[in-house]
Amino acid sequence: MVSKNTIVGIVGAVILTGALAGIMYYENSTFEGTPYENPADAYAITWKEASGSMADETKTGADGTATAVTRAIEVRNLKSVTFELSWTDDESAMSGSDELVIKVTAPSGATATYTPGQSASGTSSPLTVTANLNEMPENVILEAESEADAKAKAGGDNGSGIWTIEVTVNVNSALPMLPIDTGNDWTLKTSYAYFDPVAEKGIKG
C-alpha cells in the first residue's frame, strides 16, 4: 500500500515539473535565440522607440535649379526619416506663387517606402516626405562581451548613411513691368524615429 507521504511527494514532483516547463515555455516564447550554458555571456535584447533630429538647413534656390543637400544619419535600427521643406514666397504679392519640389534619395543599398512618395511638389509650405525603413526587431538573446557589444550586434543598418535631398524652385512668371523673381529661400528640417535596444545581462533562453 502506497503511503500518504509517498503520494504527497509524487504530486509535489508533478507540480514542480509543470512549473518549470511553464517557465521554460514563457522564456522561449518571449525571446528568440539559443540558450547559453553561462548566463553571464548572454544578454536579453528588448526594444523601445526613440526619436532624434538634425540642425535645420537653410539655402537660397535659384529658379529652375535643383539644389542638393546631404544628411548623414548614422543611427542604426531606423524606423523612419522625415524631411520637411518650408518656405515663404517673397514675390507672391506681385506674381503667382512659386512651386517648390523636394526629392529624397536613400543611402546606397537601403530599402525604403515613401509617404506620400519619393518626391513632393506644391505652392503651399510645407512639403513633407517620409521614408519608412524598418519594423521593430524581434526580442532576442545574444552572446556578447559587454552591454555595448550586445547593443551593437542587435538589429541592422538599413537606412543608415548619406541621404540626398534635392530641392527645386520653379518661379511663377512675373507680370510685365514688375521685378523678376529669381528664386526663393527655403529651410529643410530632418527628423527620424528609431528603435533603441535595451540589453539585460545574465538571461538564459
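Right, Thr70: at pLDDT 95 or above, crowded, with 17+ Cβ neighbours inside 10 Å and in a strand (DSSP E or B) or not? Spell out the reasoning first.
Details: at pLDDT 95 or above: yes; crowded, with 17+ Cβ neighbours inside 10 Å: no; in a strand (DSSP E or B): yes.
When the stated conditions are applied, Thr70 does not pass them.
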I'm checking my understanding of the structure. Among residues of the stretch 164-192 that are surrounded by fewer than 19 Cβ atoms within 10 Å (Cβ to Cβ) and among the aliphatic types (A, V, I, L, M), which one is modelled with the lowest pLDDT?
Met177
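Just to be sure, is Thr82 of a type outside the set (A, V, I, L, M), in a strand (DSSP E or B), touching a strand residue (DSSP E or B) at 6+ places or on another chain (Cβ under 6 Å) and surrounded by fewer than 16 Cβ atoms within 10 Å (Cβ to Cβ)? Talk me through it step by step, then tell me what you get.
Numbers: of a type outside the set (A, V, I, L, M): yes; in a strand (DSSP E or B): yes; touching a strand residue (DSSP E or B) at 6+ places or on another chain (Cβ under 6 Å): yes; surrounded by fewer than 16 Cβ atoms within 10 Å (Cβ to Cβ): no.
In short, no.
The values are calculated or read from the model by the stated rules, or taken from the named source; none is laboratory data. Every value quoted in this text rests on a predicted model; they were computed, and no experiment measured them. Glycine gets a Cβ as well: all are built from the backbone with ideal geometry, and neighbour counts include every protein chain shown.
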